[in-house]
Amino acid sequence: MDGEERLWLRKMRLRQARLYGIIDLGVLGDMDPAATAEKMVAGGVEILQLRAKGRTPESLEALALSLRELADCAGVLFLINDWPLLARRVGADGVHLGQEDQPIAEAREILADAQLIGKSTHSLEQALAAEREGADYIAVGPVFATPTKPEAKPVGLRLIGEVRGCLKKPFFCIGGIRKPNLPAVLSAGADRVVMVSAILQAADIEGYCREVAAMLGPKNLLA
């Protein structure tokens, strides 16, 4: 498969994806990341991200390679938080950047041509700016208060409808989303969600993901 075909496949999977899970080493504790990722994928997670604040990219390379291989076998996307060079080195599907990370243009210079870039945003203005800068997808949030980023002020449900009416690129709602409040998020205009602690702290990770995937419905076929 050449670079153009690989990019097309990644963008197709991105547009179809509804459930995005994050392997956050700060939340996992003593749980095995690879075993957890297997349960998430078996339950219906369509995008996996490796997030490891405070760790060096060198210390993450072996884990990133194993997660990329798992994702490849399952036919899901695998992205790395913060580190475009690591994403390129392990052949990840892309990288996810925060507002405090390097600009998208700089990350593009590091990544391979067929790799994707996602961007975290906390307002309509930031979401539109990320789209102009060339993000392949946009994360919007935190919708609710979240234990993974307690300092972040929730943006609320209203922003979801505003973003939906303005963005052309796929967007994922993130932040404090779990089964009890998921219907409200969907009613506000979301098609795609990211879950972190709700999944990682579930007693039955695979079962929890299956239930969430069922609530979200079939693969997203939006253009």
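The values are calculated or read from the model by the stated rules, or taken from the named source; none is laboratory data. In this text the structure is predicted, and so the values were computed from the model without any measurement. Neighbour counts run over all protein chains shown; Cβ positions are idealised from the backbone, glycine included.
Observations
- Of the residues making up segment 73-86, just one is closer than 21 Å to Glu58 by Cα, out of contact with any Pro (no Cβ under 9 Å at 6 or more places or on another chain) and assigned to a helix (DSSP H, G or I), namely Pro84.
- Those residues of segment 117-142 which are more than 21 Å from Lys153 (Cα to Cα) and over 11 Å from the mean Cα position of the chain (by Cα), in sequence order: Glu131, Arg132, Glu133, Gly134, Ala135, Asp136
- Residue that is farthest from Ala64 (Cα to Cα) [pool: residues in segment 92-116 that are outside any loop (DSSP other than H, G, I, E, B) and more than 15 Å from the chain's Cα centre (by Cα)]: Ala105
- Scanning segment 168-176 finds no residues that are modelled with pLDDT of 95 or more, among the aliphatic types (A, V, I, L, M) and either in contact with a helix residue (DSSP H, G or I) (Cβ under 6 Å, 6 or more places away or on another chain) or over 23 Å from His122 (Cα atoms) (or both).
- Complete set of residues in segment 158-201 that are without any contact (Cβ under 8 Å) to a residue 12 or more places away in the chain and in contact with a Cys (Cβ under 6 Å, 6 or more places away or on another chain): none
- Flag for Glu151 being out of contact with any strand residue (DSSP E or B) (no Cβ under 6 Å at 6 or more places or on another chain) and either buried (at least 21 other Cβ atoms within 10 Å of the Cβ) or at pLDDT 95 or above (or both): no
- Leading residue by the ranking (nearest to Tyr20 (Cα to Cα)) among those in segment 42-59 that are in a helix (DSSP H, G or I) and touching a strand residue (DSSP E or B) at 6+ places or on another chain (Cβ under 9 Å): Gly43
- Filter result for Glu162 (charged (D, E, K, R), more than 19 Å from Glu46 (Cα to Cα) and surrounded by 13 or more Cβ atoms within 10 Å (Cβ to Cβ)): yes
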